[in-house]
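Values quoted throughout were computed directly from the atomic coordinates according to the rules given, and no laboratory measurement underlies them. Please read all numbers here as calculations on a predicted model, not as lab measurements. Neighbour counts are summed over all protein chains in view; Cβ atoms, including those assigned to glycine, are modelled from backbone coordinates with ideal geometry.
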Amino acid sequence: EIISTLGEGTFGRVVQCIDHRRGGARVALKIIKNVEKYKEAARLEINVLEKINEKDPENMNLCVRMFDWLDYHGHMCISFELLGLSTFDFLKDNNYLPYPIHQVRHMAYQVCQAVKFLHDNKLTHTDLKPENILFVNSDYELSYNLEKKRDERSVKSTAIRVVDFGSATFDHEHHSTIVSTRHYRAPEVILELGWSQPCDVWSIGCIIFEYYVGFTLFQTHDNREHLAMMERILGPIPSRMIRKTRKQKYFYHGRLDWDENTSAGRYVRENCKPLR
């Protein structure tokens, strides 16, 4: 029994339902469009979620729980535990006010725990980002900031779950060339050097930064600019990566081909600060 729509995407929609077979429990139902590419992605996600359930029957490892799935007149439907807002939506609704450090610490610990479980089971998530990390319950306390003259929200519980396994890849499976959402994409992916579990670890670093400061670390949509930002923040790209990459168009004489005196160069210099 459908109660409300929780969200919509290119794949279809997610609705809140009452599951009468589960004693009237509230669940989230992901309804996939009757389009073959989305149905195939759903089948792959179900395969991963079944593996997670098999390896973690007690649901200790903080990945979203799939209860069941069905094919309803060509629409793949996946039933999940009902969760709260994503950590991104909570941040957005709170005027991008950063999370307090004690909350960042707890959220980061849980994400690392979930991702360690995936990696131990030969899985790479490949699309970690604040949108794919959901609070179990996003209820909040409200306080008024006199200085900024606005209400500010503080989430009551920082318990989270990692969601969206539609792009998750087993170690033995084909690894597509490009993975991850742009801002959380690792350098080895941009340089097409091949990737494995460390690309998730890079994404986690970007996510923790975003929780702590309230904005995206690498705010760009261009590969060359993205690499320049990485260099500005972390130092030169290792020469072994430059030697190996097919993307030599980004380099000149073994160094990133980047002009700091262009408008893009000034943007990177002004908006990216070295970590050390």
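Let me know the shape class of the stretch 2-81, please: from the alpha-carbon gyration tensor, a ≥ b ≥ c as square roots of the eigenvalues, rounded when a/c is under 1.5, otherwise prolate if a/b is greater than b/c, or oblate. Intermediate values should be presented prior to the final figure.
Values: a/c = 1.84, a/b = 1.14, b/c = 1.61.
Since a/c reaches 1.5 but b/c is at least a/b, the shape of the stretch 2-81 is classed as oblate.
Using helices alone, I'd like the mean residue ellipticity at 222 nm for the chain: each DSSP H run of four-plus residues gives -39500 (n - 2.57), total over residue count, nearest 500.
Details: 8 runs with 94 residues, N = 276.
So the helix-based figure for the chain works out to -10500 deg cm²/dmol.
So how many Lys-Lys pairs in the stretch 85-217 land under 20 Å Cα to Cα, not counting same-chain pairs under 8 apart?
5
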*Calculated from the structure, semi-axes √(5λ) of the Cα gyration tensor in Å equals which of [x] 34, 25, 16; [y] 36, 22, 17; [z] 30, 24, 16?*
[x]
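Relative contact order of the stretch 85-217: what whole-number percent is it, with Cα pairs under 8 angstrom and at least 6 residues apart? Display every interim value, and only then the final one.
Values: 197 pairs, mean separation 43.3, N = 133.
With pairs under 8 Å counted, the relative contact order is 33 percent.
From the alpha carbon gyration tensor of the stretch 85-217, can you work out the equivalent ellipsoid semi-axes (sqrt of 5 times each eigenvalue) and give them in Å, largest to smallest?
Working: eigenvalues 185, 46, 23 Å².
Square roots of five times the eigenvalues give 30, 15, 11 Å.
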*Longest exposed-site-free window of the chain, the sites being chymotrypsin sites (Phe, Trp or Tyr not before Pro) in a DSSP loop that have at most 13 other C-beta atoms within 10 Å*: 97-214
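When a/c is below 1.5 the answer is rounded, else prolate if a/b is larger than b/c, else oblate, so apply that to the stretch 178-275 with a ≥ b ≥ c taken from the square roots of the Cα gyration tensor eigenvalues. Walk me through the numbers on the way to the answer.
Numbers: a/c = 1.89, a/b = 1.08, b/c = 1.75.
Note, shape of the stretch 178-275 comes out oblate.
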*Evaluate the relative contact order of the chain (contact order divided by residue number), counting alpha-carbon pairs under 8 angstrom at least 6 apart; express in whole percent.*
14 percent
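Helix by helix, which DSSP H runs in the chain go 18 Å or more along their axis at the Cα atoms and have an average Kyte-Doolittle hydropathy of -1.0 or more? Numbers along the way, then the final one.
Details: long enough: 36-55 (29 Å, -1.07); 101-120 (28 Å, -0.08); 198-213 (23 Å, 1.02).
Helix filter hits for the chain: 101-120, 198-213.
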